[in-house]
Amino acid sequence: MSKETVLVIEDEPDIVELIQYSLEREGYLVLTALDGERGLSDAIAREPDLIVLDLMLPGIDGLEVCRRLRDNEATAATPLIMLTAKSEETDIVVGLELGADDYMTKPFSPRQLVARVRAHLRREARSESKKTVKTRIERGDVVLDAERHELRVGGDLVELTRAEFRLLWMLFSKPGRVFQRSELVESLTGGDAFILERNVDVHVSAVRKKLGASGDLVVTIRGIGYKCRD
Ligand code: CA
């Protein structure tokens, strides 16, 4: 099997070196690009398995790079982890809207970045090996069955509303992926009814209660939304 390739788009040499070292030690092939322009052309030409993208870049900024990556067929579905400063919360939200899968704020631990890279690549491999439509999700004690529209926690049947089921399905089908409230609103309404984003919080807290001891599988991402624990 050939090595999985990670493209790192970042202009700070120290950070590039740190990421490269950490990922290569884990057996990944690492490509690096020091600006957005180069990053884009490398991404399209080499089609890496995953992209780590810093948002603060000279020239074309990271958000624009993200937008163009998603617009290009070669890179539209490549897992993408953004790197940001803590103060860039708005950028994180925009980046997720543009289709980034995850983000890490600087300073970050290289070990954690490696863990996230691995998790996203594993998820990608799983979804590629299973082309059939998923009808059942298991996370620890929790089993969601789409055909029966059922939730079981530790074997016990738990009543969910349709909206709650859709919300949980969306979160649990992509563990680790951060969902914004606005995305979850769509899952709650099926796209047609009007619902306020803060109502998502109400549904999430109801769902957590119903999950009992497994309620902590649903993780709050402050100021952004929710995810299912990896
Ligand atoms: Ca930078």
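The values are calculated or read from the model by the stated rules, or taken from the named source; none is laboratory data. Note that the structure is a prediction, hence the values are computed from the model and not measured. Positions of Cβ are generated from backbone atoms using ideal geometry, with glycine treated the same way; all protein chains shown enter the neighbour counts.
Being at pLDDT below 90 and assigned to a helix (DSSP H, G or I) is a property that does not hold for residue 172.
Yes or no, residue by residue, for (1) surrounded by 19 or more Cβ atoms within 10 Å (Cβ to Cβ); (2) more than 14 Å from the ligand (Cβ to nearest atom):
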site: 34; (1), (2): no, no
site: 39; (1), (2): yes, no
site: 43; (1), (2): yes, yes
site: 52; (1), (2): yes, no
site: 55; (1), (2): yes, no
site: 80; (1), (2): yes, yes
site: 83; (1), (2): yes, no
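Looking at 151, 121 in this structure, which one is in contact (Cβ under 8 Å) with a residue 24 or more places away in the chain, surrounded by 14 or more Cβ atoms within 10 Å (Cβ to Cβ) and farther than 21 Å from residue 79 by Cβ? The unique qualifying residue is 151. Please verify whether residue 5 is touching an Asp or Glu at 6+ places or on another chain (Cβ under 8 Å), of a type in the set (Ser, Thr, Tyr) and within 12 Å of the ligand (Cβ to nearest atom), treating the condition exactly as stated. So residue 5 does not fit the description; no.
Scanning segment 92-112 for residues that are surrounded by fewer than 20 Cβ atoms within 10 Å (Cβ to Cβ), under 19 Å from residue 39 (Cβ atoms), within 16 Å of the ligand (Cβ to nearest atom) and under 15 Å from the mean Cα position of the chain (by Cα) yields one hit, 104.
Across segment 154-165, what is the number of residues that are within 25 Å of the chain's Cα centre (by Cα) and either among the charged types (D, E, K, R) or part of a strand (DSSP E or B) (or both)? Of the residues in that region, 2 qualify. Summed over segment 155-183, residues that are more than 18 Å from residue 196 (Cβ to Cβ) and touching a residue at least 24 places away in the same chain (Cβ under 8 Å) total 13.
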